[in-house]
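The structure appears right after this line, and notes come after that.
What follows is calculated from the coordinates using simple rules that are stated; it is not laboratory data. Please read these numbers as outputs of a predicted model, since none were measured by experiment. All Cβ positions, even for glycine, are placed from backbone atoms using ideal geometry, and neighbour counts span all protein chains on display.
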């Protein structure tokens, strides 16, 4: 890989680490200390040969043709268990553990796409991660280490040549730039929240839900009434990025609907709502 390509891929790695740390902190309330250990020649052979085999997630950035990047680790189960434990979820199922890891990876990929979109001046989208086979051995790969309970755990971040070439094709002024170096993790909640202030998330309000047979749906016309599973006295749900974060009551402010927050749900309940 050419020197310029290597520099751009290293910058992409730094952006991804920042976004993955944000996703971890949002779920667990603390941020892991992640360090880059340098390029790896063969993504698959870089892992130790003992079992279990690493599990890889594949993402695609951009379109027509787009560029792929891969994230692999042998410790997804451990990572998900630690994050859920910090969120107050004891003895999680294997499905919950993998779902938590997948959610963090998807948030990191979406954050990476937003950062690249902002710098490129055009929209770059990221597909949700899909488990698959290991990436080709000749793709650029970087090792990332982070400690959990006094033991280093490892991730591999791999970019396809299409992805690197796509980033290299940007105008000089649009080349991705790494986020500023962050201080060591601390318990300062105010500093932690500042890391998330530029992240844009969709917010919606749910008044209730209903399930209807298809034959009843086809009968709906103007003036039809659909009964929801929530009474008028129950609070509505405030949903951010498909996750219930609060409940409140509907109000009207200068002719517009709004919601007065009455309850902020616990971290454990937020994680359960992601299922």
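Among rounded, prolate and oblate, which fits the stretch 203-273 when a ≥ b ≥ c are the square roots of the eigenvalues of its C-alpha gyration tensor, a/c under 1.5 means rounded, and a/b larger than b/c means prolate? Because a/c hits 1.5 or more and a/b fails to exceed b/c, the stretch 203-273 counts as oblate.
Sorted by packing (mean other beta-carbon atoms within 10 Å per residue), highest first, where do 132-144, 98-110, 228-240 land? Before the final figure, lay out each step's value.
On the way: 132-144: 18.1, 98-110: 21.2, 228-240: 13.4.
Listed from highest to lowest mean packing, they are 98-110, 132-144, 228-240.
Remark: the residue 219-residue 257 segment gains 10.8 nm on full extension, using 0.36 nm per residue and subtracting the alpha carbon distance.
Of the peptides 13-23, 146-156, the order by per-residue mean of other Cβ atoms within 10 Å, starting with the highest, comes out as 13-23, 146-156.
Show me the ranking of peptides 123-130, 27-34, 88-95, 211-218 by mean Cβ neighbours inside 10 Å, starting with the highest. Intermediate results must be reported in sequence, preceding the final value.
On the way: 123-130: 16.5, 27-34: 18.0, 88-95: 11.9, 211-218: 8.9.
Final packing ranking: 27-34, 123-130, 88-95, 211-218.
Once a ≥ b ≥ c are taken as the square roots of the eigenvalues of the Cα gyration tensor of the stretch 53-136, is the result rounded (a/c under 1.5), prolate (a/b larger than b/c) or oblate (a/b not larger than b/c)?
Working: a/c = 3.25, a/b = 1.72, b/c = 1.89.
Note, shape of the stretch 53-136 comes out oblate.
Among 76, 56, the ranking by other beta carbons within 10 Å of each residue's beta carbon, starting with the fewest, stands as 56, 76. Computed from label points 7 Å out along Cα-Cβ, the spacing between residue 210 and residue 118 is 4.2 nm.
Compute the separation of the alpha-carbon centres of the stretch 8-23 and the stretch 115-159 and state it in Å as a whole number. Distance between centres, Cα-based: 8 Å.
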